[in-house]
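Please read the structure below before turning to the comments.
The values are calculated or read from the model by the stated rules, or taken from the named source; none is laboratory data. Note that the structure is predicted; figures quoted are calculated from it, not measured. As a convention, Cβ positions derive from the backbone with ideal geometry for all residues, glycine included, and neighbour counts pool all protein chains shown. To get the accessible areas, we keep the full protein, side chains included, count just its heavy atoms, and leave off ligands, DNA and RNA. Shrake-Rupley method; radii C 1.70, N 1.55, O 1.52, S 1.80 Å.
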Amino acid sequence: MSEPRRSAASNRRVGAAALRLLLGAAERLGAVCGFRRHEVSAEASSTSPATLDRYMLETRSGMLVETLRLAKFSAITHGAVALTVVGLFWNAASPTYLVALLLVIGTTSIGAVVAAWRYQGLFAGTPTEAQIERGYRVAGAIALAIGSSWSTMPMVLFPPSDADHRMIVVAIAAGLISDAYVLGPILSVALLFAAPVVLGSFIALATSGDGVAASIAVLLAIYATFVLFSVRSMSLLSFQRILDRVRVSDQNQTIGLLLREFEASTSDWLWETDREGCFDHVSRRVAQVVGRPVEQLQGLPFAELLACGDGGRFGAGAVEMLGFLREGIAFQDLVVELPRAEGTRWWQLSGKPVLDRTGRLAGFRGVGSDVTASRISEARIAFLASYDSLTGLANRALFQDLASAECDRAAEGGGACALLYLDLDGFKVVNDSFGHGAGDQLLRSVAQRLQPFASEGTWIFRLGGDEFAVLHRCRGAAEATLLAGAIIAAVSAPYRIDALAAEIGVSIGIALTPTDALDPGSLLLKADLALYRAKARGKGTFHLFERDLEVSQRTRRELEADLKLALQRREFELHYQPLTALRDGRVVGFEALLRWRSPTRGFVPPAEFIPVAEATGMIVAIGRYALQTACREAARWPAETRIAVNISPIQFRTSEFLRDIAAALEASGLEPGRLEIEITESVFLDKTAITMANLHELRSRGIRIALDDFGTGYSSLSYLAKFPVDKIKIDRSFVRDIDDEGGNLAVIEAILAIAQKLSIAVTAEGVETAEQAQVLRARACNDIQGFLISPARPASEIPDLIARVPKDFHRLFPSSVRTEIQPRLVVGR
Ligand code: C2E
Ligand code: CA
Ligand code: CA
C-alpha cells in the first residue's frame, strides 16, 4: 500500500519540477523576446528600483487577471471543440481515445474555470508576490495540460483519416493555435499552450508521408511563427497598457495624497468647476470652508455661492471673477467679498481654465483661501492710520487730507471753511492728579461731547494730546464763532469720571480759508496763533486769527533766537535786591534777579524773556546759570546773609534739578541753610512724584523754600499746611494798595496771622513807601523788599548795601520817633 503512494508522491514532485522548468523556459523566452523590466524602466528613469518592482508585480498581477477573465470563455470553447471532435470522429477513430480526450479537456477546462474564479477574487485586491507566482504556475499548468492534450489530436486522428477528416483536423489545429491569442496577455502561458499543439500538428503532418500534408506542415510552421510573433506583440501591448494603468493609478494616488496634504497643511483649498461654472469634484475641505455638505455643493453654480442670501447681491470682486469664469480667463489672487448674514467673509481666489481636446472651455480649476482675518486686521490698520484709537475721532493724517481738500475747494471758489483749533484748559491737572486712566476717560468724554457737532460739512479731529480740531464749512467768521461758542459751552460743563468730578475748559483759535490761508500747514499755524492769543486773554474763550498775531509771533521768534545766543555770549548778569528785617533794618539776605543786556535790544526785562525761556525750555540752562552765579557770589558775603534764587516751575520739575542745586552748593562752598529757593504756587499744582520728592529733598538738605508772589494765582492757604514752606512772599499787588479802604490790608493781616500760627516767616514785596513799611512793621511782618530800601543792584555794590541799608532804615524808623514820616530812600529803578 505504501509503495504506490510513495511513487505517486515522487511523481507529483517530478511533475511540479518539470512544470516549473517549462514555465521558467517560457518566461525566459518571453524575456528574450525583449520586454518586461526594460519596458517598465524605459519611461520611468526617475523611479526607484523598489517602485519598479512594485509596478512589475502589479502589472504581472493585472495581466493574470486579464487572462483569468477570459478563462471561462476559453474553457467553453475548448469543451465545445472537444465535443465536436468526438462527434465528427466517432466512427472514424478509436472511441476510447475520443472519450479520454473529451474527459481530459473537459476536466481541465472545468479546473481552469474554478481556478479563474478563485484567483480573480484574490487578484482584485493586492496579491503577494508568491500568490502571483502560484497563479502563473497554475495558469501555465492548465495551459500546458490543455495544449498537450490537444497535441495528441492531430497525431492520433490525422494519419488514419480520409481527406475530409484530415482537413477537419488541420482546421481544428489551426483554430487551436490561434487560441493562443486568447491567452495572449501572458506570453509564457500562451506558449505553453500553443507550442505542444504546433508541435503535435507539425509531427502529424510531416510524418504522414503525404506531399500535400508535408506542404501544409511547412505552411503551419510559417503560420505558427506568425502567431508567435503577433502573440508576443499582443502580450507586449497588454503589458504596456496594464503598466500604464498601474502607473496612472499610482500617480493619481500620489497626487490625491499631495492635494489632501496641501489642503490639510495650509489654509488654502482646491476648487473645480465644470463648463457651466458649477462646482465639480467638491472636496471635503471646500465643504468645510463653505459650511455646506459636499452633496449640496456638487453642481452648485459658483455664482450662487458668491451671492448674498435672498437679495442675491454680489460683494466686491465677485462680478469680475464670474466674468473670468465665463470668458475662460485665468486669474490670480483675486479677493472676493462674500456678504453673509453672519458677517462678511473674504476669499482670495486663483483659477485657470481647463480646456477639452477641441480647445473649448471645459471648466476651471483653482486654489482659494479665506483671507477674512487678514482683511479685518488690514481694515483695522487702515482705520488706525486715519482714526485715533482712544476717541475714535479722525486723526491728524485724515485732518491733513480733509483740510487740504477744503483748501483746494476754497481756492477754486467753492466756499469758505473754518478751522477751529481746540486746546483743553486744565486737562494736565486732571491727568496728573487723577492718573492717565482718568485723563483718557476725560478725553473720551470730550470727544463724545464734540461728536454731535459733526455733520455734513463739519468734521471733528483729535490732533494729539488734549488738542482737537473742527473743520467747518461756513460763509464766514460769524458762523465759525457761533460754533466755537457752542463748543466751549458743551466742553466746559462738569464731567464725572467714575466717582470723581472734574471741570475743564477749552480755548479755541479760529482761522479761515481762503482769507487766512490756502494750505493745511499755514491754516493750522494761524489757528494756533489765534489759540495762543485766546489762552493769553484768559482761558475758556475763542479768538479769530488776525494779521498782527503773525507780527507778534515773528518778534517772539526773533526773541527766541537772540535768547538762545545770550547764554553763550554772557549777556546775562545777576543783580541783587536786599531783604531787610523790619525789626532792626538789618540786611538779612538778597534776592538774585536776572538782567539781560542784549547788544541789539538793550535791557530786556525778565517779565518779557522769562516766559519765552520757559516756553522753549531754555529756562533750565538759564536758571542753572543763575543758581551757580548767585551761590558763588553769596559765598563771599557775611555768614548770616542769605541768598534767594527764583526757580521756574519748569526747572523745578526736572529730574536734574536737585543735582544742579548740589553742584552749585558744592562749587561755591555755600552753606545750604543760606540758600533760599523761591517758587510759586503753580509748583504745587503739579503733584507729580518728582515735584514732591524735590520739595522734601530740598528741605531735608536744609535749603529754605519761599513761596513767591503769594496771593496771586491759585492762592490756597491749604498749601501752607500741606507743603513744607519756610517763607511766604506777599505779592507786591497787595502791598501797593495796602492803605486802600478795601480788603487788601485784611488779606495781609490774615496771611500774617496764619503764617505766625504755622511758624512761617513773611516777606512783603514791592514796598515803595515808608507808610507801607510802617503798616507792615506794625503788624509784625518779618522782612520787606522794595524800592524803598533799594532796587536790585550789581554784586559789586553789596558790601556798600549791607553797610548802608541799616543806617537808612534807622533814619526811617528811629526807635524814639516811631511816627515820623521819612521821604523815600530811593525812587524808581
Ligand atoms: P519776582 O520774583 O516777583 O521779583 C521781584 C520783581 O519785583 C523784580 O522784577 C524786582 O525788580 C521787582 N521789584 C522789587 N521791588 C519793587 C518795588 O518796590 N516796586 C516794583 N514795582 N517792583 C519791584 P524783575 O527783576 O523785573 O523780575 C521780574 C520777575 O522775573 C521776577 O519776579 C521773577 O519772577 C522773574 N525772575 C527774575 N529773575 C529770575 C531768575 O533768575 N529765575 C527765574 N526763574 N525767574 C526770575
Ligand atoms: Ca522772586
Ligand atoms: Ca515775587
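Odds and ends about this structure:
- Restricting segment 522-550 to residues that are of a type in the set (D, E, K, R) and not in a helix (DSSP H, G or I), the residue that is least open to solvent (accessible area, probe 1.4 Å) is GLU546.
- One residue from GLN577, GLN553 being within 16 Å of ligand 2 (Cβ to nearest atom) and either open to solvent by 10 Å² or more (accessible area, probe 1.4 Å) or free of Cβ contacts under 8 Å to residues at least 40 places away in the same chain (or both): GLN577
- Note on segment 640-658: among residues that are away from ligand 2 (no atom under 16 Å from the Cβ) and at pLDDT below 95, the one that is most open to solvent (accessible area, probe 1.4 Å) is GLU640.
- Failed condition for LEU398, given (1) open to solvent by less than 20 Å² (accessible area, probe 1.4 Å); (2) in the same structural domain as PHE461 (by TED's automatic domain parsing): (1)
- The listed residues are ILE146, ILE132, and the only one of them that is of a type in the set (Val, Ile, Thr), surrounded by 24 or more Cβ atoms within 10 Å (Cβ to Cβ) and touching a residue at least 60 places away in the same chain (Cβ under 8 Å) turns out to be ILE146.
- Filtering segment 596-629 to residues that are in contact with a strand residue (DSSP E or B) (Cβ under 8 Å, 6 or more places away or on another chain) and more than 14 Å from ligand 2 (Cβ to nearest atom) leaves TRP596, ARG597, SER598, PHE603, VAL604, PHE609, ILE622, TYR625, THR629.
- Counted as qualifying within segment 723-829 are the helices (runs of 4 or more DSSP H) with 3 or more residues that are at pLDDT 95 or above and either closer than 29 Å to GLU573 by Cα or touching a strand residue (DSSP E or B) at 6+ places or on another chain (Cβ under 7 Å) (or both), namely 798-812.
- Residues that are closer than 30 Å to PRO638 by Cβ, surrounded by fewer than 23 Cβ atoms within 10 Å (Cβ to Cβ) and more than 9 Å from ligand 1 (Cβ to nearest atom) were ranked within segment 580-602; the one that is nearest to the chain's Cα centre (by Cα) is TRP596.
- Restricting segment 725-759 to residues that are hydrophobic (A, V, I, L, M, F, W, C) and within 16 Å of ligand 2 (Cβ to nearest atom) leaves a set whose member that is farthest from the chain's Cα centre (by Cα) is VAL735.
- Per this entry, ALA566 is not counted among residues that are aliphatic (A, V, I, L, M), in contact (Cβ under 8 Å) with a residue 12 or more places away in the chain and either within 16 Å of ligand 3 (Cβ to nearest atom) or in contact with a Gly (Cβ under 8 Å, 6 or more places away or on another chain) (or both).
- Options ARG365, ARG409; residue that is outside the structural domain of LEU512 (by TED's automatic domain parsing), open to solvent by 30 Å² or more (accessible area, probe 1.4 Å) and over 30 Å from ARG537 (Cβ atoms): ARG365
- Segment 55-71: number of residues that are of a type in the set (Lys, Arg) and buried (at least 16 other Cβ atoms within 10 Å of the Cβ): 1
- Scanning segment 329-362 for residues that are open to solvent by 20 Å² or more (accessible area, probe 1.4 Å) and not in a strand (DSSP E or B) yields ILE329, ALA330, ARG340, ALA341, GLU342, GLY343, THR344, ASP356, ARG357, THR358, GLY359, ARG360.
- Among the residues listed as LEU101, LEU88, LEU83, the single one being closer than 17 Å to MET155 by Cα and either open to solvent by 70 Å² or more (accessible area, probe 1.4 Å) or not assigned by TED's automatic domain parsing to the domain that holds LEU237 (or both): LEU88
- Count of segment 245-296 residues which are open to solvent by less than 40 Å² (accessible area, probe 1.4 Å) and at pLDDT below 80: 3
- Look at (1) modelled with pLDDT of 85 or more; (2) under 60 Å from the mean Cα position of the chain (by Cα); (3) of a type in the set (A, V, I, L, M, F, W, C) and you find that MET153 fails only one, number (2).
- Of the listed requirements (1) modelled with pLDDT of 90 or more; (2) within 16 Å of ligand 2 (Cβ to nearest atom), GLY711 misses just one: (1).
- In the set (1) open to solvent by 30 Å² or more (accessible area, probe 1.4 Å); (2) farther than 30 Å from LEU442 by Cβ, SER389 fails one condition alone, (2).
The rows are residues; the columns are (1) within 21 Å of TYR387 (Cα to Cα); (2) touching a Cys at 6+ places or on another chain (Cβ under 7 Å); (3) surrounded by 17 or more Cβ atoms within 10 Å (Cβ to Cβ); (4) of a type in the set (D, E, K, R).
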position: ALA416; (1), (2), (3), (4): no, yes, yes, no
position: LEU419; (1), (2), (3), (4): yes, no, yes, no
position: PHE434; (1), (2), (3), (4): no, no, no, no
position: LEU450; (1), (2), (3), (4): yes, no, yes, no
position: GLU456; (1), (2), (3), (4): yes, no, no, yes
position: LEU463; (1), (2), (3), (4): yes, no, yes, no
position: ILE488; (1), (2), (3), (4): no, no, yes, no
position: GLY509; (1), (2), (3), (4): no, no, yes, no
position: PRO514; (1), (2), (3), (4): no, no, yes, no
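- Scan of segment 684-708 for residues that are modelled with pLDDT of 75 or more and charged (D, E, K, R), ordered by number: GLU697, ARG699, ARG701, ARG704, ASP708
- Of the numbered criteria (1) of a type in the set (Lys, Arg); (2) under 23 Å from ILE510 (Cα atoms); (3) exposed (fewer than 15 other Cβ atoms within 10 Å of the Cβ), the one LYS428 fails is (3).
- Candidates in segment 630-639 are the residues that are within 20 Å of ASP726 (Cβ to Cβ) and surrounded by 17 or more Cβ atoms within 10 Å (Cβ to Cβ); of these, the one that is nearest to ligand 2 (Cβ to nearest atom) is ALA630.
- Scanning segment 661-683 for residues that are within 16 Å of ligand 3 (Cβ to nearest atom) and either assigned to a helix (DSSP H, G or I) or modelled with pLDDT of 95 or more (or both) turns up GLU676, ILE677, GLU678, SER682, VAL683.
- Segment 368-391 residues that are within 22 Å of SER350 (Cβ to Cβ), paired with ones that are small (Gly, Ala, Ser) (beta carbon under 8 Å, 6 or more apart): GLY368/SER350; SER369/SER267; ASP370/SER267
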